[in-house]
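Bear in mind that the values in this text are calculations on the coordinates, not laboratory data. Since the structure is predicted, the reported quantities are computational estimates derived from the model, not experimental observations. Please note: Cβ atoms are built from the backbone with ideal geometry, for glycine as well, and neighbour counts cover all protein chains shown.
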Amino acid sequence: MALNIASSPHMSKPLRTSTVMQRVLLCALPGLAVQIAFFGWGTLFQVLLAMLTALISESAIMKLRARPVASALSDNSALLTALLIGVAVPPLAPWWLTVIGTAFAIIIVKQLYGGLGNNLFNPAMAAYVVLLIAFPVQMTSWVAPISIAEHSPQLLESLRIILAGTQISVADTFQQGIDGFTMATPLDTLRTDLSQGHVISDILQKSAFNGVVGAGWFWVNLAYLFGGLLMLKMRLIRWHISAGVLGALSICAAIGWMWEPATHVSPLMHLFSGATMLGAFFIATDPVTAATSNKGRVIFGAIIGLLVYLIRSYGGYPDAFAFAVLLANLTAPLLDYYIKPRTYGHGRASS
Amino acid sequence: MNLIDIIEQNTLWPLTGGIHPAEMKHLSNQTTIARLPLAKTFYIPLPQVGDSALLVVKVGDRVLKGQPLTKSAGAMYLAAHAPTSGLITAITPHASNHPSALPELTCIIEADGKDESVPYHSAAAQELSKEELIARIREAGIAGMGGAMFPSHIKLRPAAKIELLIINGVECEPYISSDDRLMREHAANIVAGIEIIQQLIGARRIVIAIEDNKAEAAAAMTSAIAQSAALKPIALVRVIPTKYPSGGEKQLIQIITGKEVPSGSIPAQLGIVVHNVGTAYAIRDAVVEGKPLIERVVTVTGGNIEQNGNYWLPIGTPVSHVLQQLKLRKDKQAQVIVGGPMMGYALPDANVPVLKGTNCLLIPKRNELTHASAERACIRCGECAQVCPASLLPQQLYWHAKAEEYDKANAFNLQDCIECGCCAFVCPSEIPLVKYYRVAKAAIRKDRAEKVQAEQAKIRFEARIARLEQEKQEREAKAKEAAERRKAAMNNDDKDAVAAALARVQAKKQAQATTAPSNDAIAAAVARAKAKKQQAISATDTATDDKKSQVAAAIARAKAKKAQASASDTSAASASTLDTPAQDSKQAQIAAAVARAKAKKAAQTAPAQNNEVADKLATDGVEQINSTNDKAARVAAAVARAKAKKTAATESSVESAEAPSTDQKAQVAAPDDKAARVAAAVARAKAKKAAQTDEQAASETTLTEAPATQEKADEKQAKIAAAIAKAKAKKAVLSGSDDAEQTEAMSKQADDNSESSSVSAADAKKARIAAAVAKAKAKKAAEQDNQENQS
Amino acid sequence: MLTAVVLLTLLALVFGVILGFAAEKFRVEGNPIVDQLEALLPQTQCGQCGFPGCRPYAEAIANGEKINRCPPGGTATMEKLADLMGVEPEPLSAEAQDQTKKVAFIREEECIGCTKCIQACPVDAIVGAGKLMHTVLTVNCTGCDLCVEPCPVDCIDMIPVAQNTRSWDWRLNAIPVKTL
C-alpha cells in the first residue's frame, strides 16, 4: 500500500466551476425564452452560433497554447460568454457579426490574457463594444417586438436572414422604425427623440413603448430578474454586485426623474429597459472581472449602475451596460487593493 | 464591557465565516474508549535533546513505565517519559510524526511486555502550593493536547491576570471524537483537572465550551460541575452551534466573548486562557496520581479501518502497530491522516509514533473524503473569502503565494491564516489553497530568519572592524614608543646584544643542518621563529612577540602537516622516500621541501623584475612598512598567510604533477607563477624595508636595487632577509624536485656550499638562476654572520 | 506685451519661491539609498563582490557599480537591487551558485589551532585559541567561505544546513512515496 500525501484539507465539498457555469446558463433560460417570444427566433440562432464559435475558438486557442483542451471546454465558461453575446447582438444581425464578436471575446479578451481567471475585462462585453464601434449600423438595428411589428420573420426566415449576411437597411428605422421588422430599441428611440426636443410623455406614446417602458423589454427584463433571483437562491452569485448596480441605477434615476421629469425617464423605465436585469445579474456578476470583497463588490456594482445612468442619460450611446461594465472592470484591481475586510485581530482594538 | 459581564449576559457571538462539513463522528463515538495490545517497539521523540534538554538514560538501559528520559532547567522544557518498561535499543534519528516525516532524535524502546511502572506519588491537590503544582505538571511533561503541544506549565503561569478560563471541548473537526468520549466517560476527572487549573490561575469565570452535536458530553460535564463545590458558582457549560472551525482558540474566544485576540499576541493579554479538556484530564492525573503523560485517547477511524473507535494509546506507539491491530483493509492507495480531515496531515511514513498532540488517526477509503482532481484556474468567485474565519482574502493570498510575492502576501495578512482549510473546502476550482499558504509561510519564516541573521552578522562584522581598528591603534602607539626607545639605545651595546643573539641562532641552525639533514626543517622553522622573536624583542615588548613566535611556529607545523597530508596522496615513489626515518624526520623533510619550493618560486621570478604585479605589491608593502619598523613583523605574518593561501590554491594541480619525474617541473611552475611573483614581491618589499630602516640605507632605494642595498645593510637586516629567502626556498620545492635532492640542496644551502645545486642539474635554466639568487642571499647572510661572530 | 513679461516674471518668482520652500522643507537627509541597498544585501561580509564587506558594496552600487556581484544573495537579491536602482536585472557575474545555505564546519581532530580561520572570519563566528582546537558557532556563521582557504590543513568544510521539522519548507512533492 502506497501512502498518499496531500495537503489538508482532505475533505471538500465544492460547487465546481463547471457546475456553477452550467447552472448560470440554466438560470438564463427563462430570459432567453421570453426574448425569443418577443423578438423572434433570431436570438436562438445567434446564441447557438455564438456557442459553436466559442467552442471552436476555445479549442483552437488552447491547442495553440499547448494546454489541455478538454478541461478548458468542460468548465462551460466559454458557453456562458457565448450566451451573453448571443442575446446581446440584434436577433437578425448577420452571422459574421456574431462569429467575429465571439471569436474576439474568447481569443483576444479571454485567452490572450491567460485564460479563465486571468482576463481583466468581461469577454462578452468587450466583444460587444468592439462590434458596436466597428459595426454601429448592424448593432443598433434591433427587431421590433412581435407584438407591434407589422411582420415578423418566422423560424426559417430568421435563419435565412442571418445566414445571408446582408446588411439590413436601417437608415430610416431611427425615425419610427417600421420597415417591416427592424427598428431602434426603445432606449435608442428615446434618446433620439429627446435630442430633437420632445418630452418624455410624448415619446412614451410611441408604439415602441407600451405606456411606461419599452414594449417587450419589460417582460424580458422581468424574466432575467427571475433568473437572477434563482441564482441568488442557488448561491451561484452573491447579492452584492447586483444590489449595487440596481441600487445605484434606481437612486440616480429617481433623483433625475424628480428633478426634471420632462427630460428624465422614471426609475422603472431604467430598471426594465435594455439590458438592465441581464447586466445586473448575468454580466456584472462575472466573478473574474469583478472586485472580490463584499464591500468592494457593492461599490463595483454601484459604479456600473452610476455609469449606466450617466451614459444612458447624457452619453452618446443608447444603452451603456457594456461600457459601464468595462470601465468598472478597470476599477476592480484598485477596489481589491483598497477595500479589504478587516482581518481577525486587526484594527478595532479588541473591545 | 468587561469579560464577566459578557459571560453573565449569556450571549454567543457568531463565528465569522466557517463551514458545515459532514460530521462523521458517529463512526467512532458509539463505543467506549478501549485499549490495544502493547506494541513491541516504542519511539519517543526527543527533539529538545541537544538543544535545551539532557538525556538521563543511555542505550542499553532498562527503563520502567513512567521513567523520565530527559532533564532540563529550560522554561520550554517538555519532559519525555518511557511509556512502558523495556530496553533502550537506540537513541538515534527516526522518522517523525510530522507532515515531512523528517528524522528527529528518537529514543527507541524495545518493550519487554511486563509493563512495569515506576512508583507514582499521589497527592491531594488542595494541599500543594502553586509551585508544587506547577512542578508536578512540568515533571509530568504535559502539553496542549488539542494538537499544538505547547508545554502546559507555561500557560498555567500566565503573566497577566486571568479573568476567564475557557475549557475547549468543542472538537469541531469532522470524524474526531476523542474529547467527546473522554468527557462522556471521565467528566469527573476532567472537572478535577479544571479545579487544579483554577487553583493555579484563579480565573473569575470558567466556561466549558461544547458543540451542540455532543449533547451527552455536555450533560456529563454539567452534572460533574454541579458536584464540584469549588467550580459550581463560577463555571458553566456553554453549548455552541456546530460549525467548523469553532474549536480554534481564537475562534472560540470570539464566539464566547465577542472579542478578538489581537494579531500576533496571545489570549492572556485579554485575560483569557484556553485549555483543552484532554489537558485538564492529564493535569489531574499528573497532580493527583503523580502519573506522567504517557498515554492519550486517540480516535482511530475511517473507511479503511474495521474497528472504528477511541483507544488509549501510549505515547510513542507506532502508527503502523495501531493500523495492524485494527485490521487495516487492503487497498492499493492508502492515506493515513494524523488529525482530522480539515487540518490533519497525511503521513508519508506509517512507522512514526503517536504524539501527545495526536488526537486522531484517520484512514479513509478511497474517495471517502474527496476524489483528487486537478487544480483549475481561480475564477475569483470569492467563496473562500466568505468562509474565511479570519476574514482574509484567500484568493489574493493565493495569487501572491503562487507568484512567490511573499511581501505582498504578508500585506494581505497571510500570517493571520490559521490554516483551517475552509477556503480550500469550498473552492470551485479545487485549488489546494492551504498548501500554497504553508509554502509561503515557510518561505516567509525563512526570509525572516535570514534577515535576523543578516542583521546579526552586520553587527558582529562592525564590532569586529571596530575592534581591529582599536588594536591597530594600540599597536601603533606601542610601536612608536618602541621606536623611540630603540633610537635612544642605538648607540648602546643593545645592538650588539641583538646581533649576538641572532648570530647564535644562525650558528645553531647551521650546526644542526650539517649534522642532521633530516632535522633540518624543524631547525629551520625553529630558527626562523626564534629569529623573528628576537627581532621582535628588539622592537617591541615580550608579550606580543611571544604570541607571534607561537603563531609562526604553528604555521610551520601546519605547513609540515599539510605537506605530509598531500604527500601521502602522491605517488609511491615520493611516499617511500618520505616514510624512511621516524615521524619527525619525515615531517622535517617535507617541511624542507616546502621551504625550498618557495625559494625556487621566488627565484624564478626574481630575474624578471620588471613584473608589474610584483612591483605593485612590493610598493604596497613598502608603503605599509614606511610608518614603523615594527610593522615588519606583521607584514611577515601576512606574507606567510598569503603564501599558505597560494600554496593551497595550487595544491591540487601540484599534487597531480608531483610525480618525481623532473620533466613535470615546468608544468608545476606555471600555476605557481602567480604565487611566486607574490613571494618575490614580498621578498623585495622586505629588502626595501631593510634598506629603509637601516640608517645607512638611502630612502630612495628602488626595487631593482634591492640586492645591492642588502649588501650595504647591516647584519641584522641581512639575516632577516636570508631567513625569509630560505623560507621561500622551502615552499618552492614542494612543487618540484625529488626528496633526495631536496635534502641535499637544503643542507648545501645551509652549509653555504654554493658550488653545485642538485636542483639545477635536472631543472631548467630559470630554476638555476633562482637557486643561484637564493644561494647568493644565503651566502651573503652567512658572510655577514661570520663577520659578526668575528667582531 | 508688457503684461505678458510681468506675468511671466511673477510666475517665475512664485514658482521659484515654491520650489525653494519645497527644497528646504522636504530635504532628504543623508544618502538613504545606501542604507536601503545595504538592507537588501545578505550581510555575509564575504567580499565576493570585490568590496570589503556589504556596506562598501552598497556604496559602490549607489555610485554605479553593477548589481550582479553578490553571489550569496543570489538572483533574488539581484532582482531587488535592480528594482531599487531602477536598472535592468542582470545574470549573476559569478558562476551559477547553488543557493543552499551552508555553514563552515571544522573537523576538530585535524585542527592544529593556527587561528588563521579566526582571523579570516568577518563575523567572529569561530572561537578558539592558538594551539587549541577551534570551532564554528553555526548560528553566527554566514557561510561566506572565507575561512576555508586560509586553513593550512584544510580541515574546514562547508556543510549544507540540513532541514529539520522546524525549518521544513512544506514542499510535499519532494517527499518520496513510501509503502505501508
Item to check | Anisotropy class of chain C from Cα gyration tensor, a/c 1.5 cut | outcome: prolate
Item to check | trypsin sites (Lys or Arg not before Pro) within region A:290-347, DSSP loop, no more than 15 other Cβ atoms inside 10 Å | outcome: A:R342
Next on the checklist: Longer than 22 Å from Cα to Cα, which of C:K102/C:K178; B:K40/B:K356; A:K13/A:K295; B:K472/C:K116; B:K356/C:K101; B:K446/C:K178 are they? Say none if no pair is.
Outcome noted: C:K102/C:K178; A:K13/A:K295; B:K356/C:K101; B:K446/C:K178
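So between B:K40 and B:V59, what do we pick up on full extension, going 0.36 nm a residue minus the alpha carbon distance?
5.1 nm
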Checklist entry - Length gain on complete extension for the stretch A:K13 to A:A164, per 0.36 nm per residue less the alpha carbon to alpha carbon distance? => result 49.5 nm
Checklist outcome for this item: From DSSP H assignment alone, runs of 4+ in chain A each adding -39500 (n - 2.57), the sum over residues rounded to the nearest 500 puts [θ] at 222 nm at -17500 deg cm²/dmol
Next on the checklist: Quick check: the angle from helix A:217-233's long axis to the longest principal axis of chain A, C-alpha only, nearest 10 degrees?
Outcome noted: 10 degrees
Item to check | Estimated inter-spin distance, A:L155 and A:A254, nm [label 7 Å along Cα→Cβ] | outcome: 4.6 nm
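How large is the charge dipole for chain A, taken about the Cα centre, if only the Cβ atoms of Lys, Arg (+1) and Asp, Glu (-1) carry charge, to the nearest 20 debye?
Value, rounded to 20: 1640 debye.
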Checklist entry - Going highest first, how would you order C:10-19, A:262-271 by mean Cβ packing within 10 Å? => result A:262-271, C:10-19
Item to check | Listed residues A:S12, A:S77, A:S242, most fluctuating in chain A (Gaussian network, C-alpha, under 10 Å) | outcome: A:S12
Item to check | Peptide B:250-257, shielding by other chains (average Cβ, 10 Å cutoff) | outcome: 1
Checklist entry - For chain A, rounded, prolate or oblate, judged on the Cα gyration tensor with a ≥ b ≥ c (square roots of eigenvalues), a/c < 1.5 rounded, else prolate if a/b > b/c? => result oblate
Checklist entry - With +1 on each Lys and Arg Cβ and -1 on each Asp and Glu Cβ, how big is the dipole of region C:1-144 about its Cα centre, in debye rounded to the nearest 20? => result 220 debye
Checklist entry - With charges only on Cβ, +1 for K and R and -1 for D and E, what is the dipole size of region B:269-404 about its Cα centre, in debye, rounded to 20? => result 260 debye
Checklist outcome for this item: Surrounding charge for B:N10, neighbours by C-beta under 12 angstrom, Lys/Arg +1, Asp/Glu -1, total 0
Checklist entry - Helix A:239-259: angle to the longest alpha-carbon principal axis of chain A, degrees 0 to 90, nearest 10? => result 30 degrees
Checklist entry - So how far apart, in nm, are the two label points at C:T3 and B:T31 if each is 7 Å from Cα heading toward Cβ? => result 10.3 nm
Next on the checklist: Using the Cα centre of region A:214-339 as origin and beta-carbon charges of +1 (Lys, Arg) and -1 (Asp, Glu), tell me which of A:W217, A:G279, A:M269 is placed farthest towards the positive end of the dipole.
Outcome noted: A:G279
Item to check | R0 of 60 Å, Cβ-Cβ distance C:L11-B:K480: FRET efficiency to nearest 0.05 | outcome: 0.35
Checklist entry - Which of the GluC sites (Glu not before Pro) found in region B:392-438 are in a DSSP loop and have at most 16 neighbouring Cβ atoms, other than their own, within 10 Å? => result B:E404, B:E405
Checklist entry - C:R27 versus A:S59, label points 7 Å from Cα toward the beta carbon: distance in nm? => result 7.3 nm
Item to check | With Cα atoms, 0 to 90° folded angle of helix A:77-88 axis to chain A main axis | outcome: 10 degrees
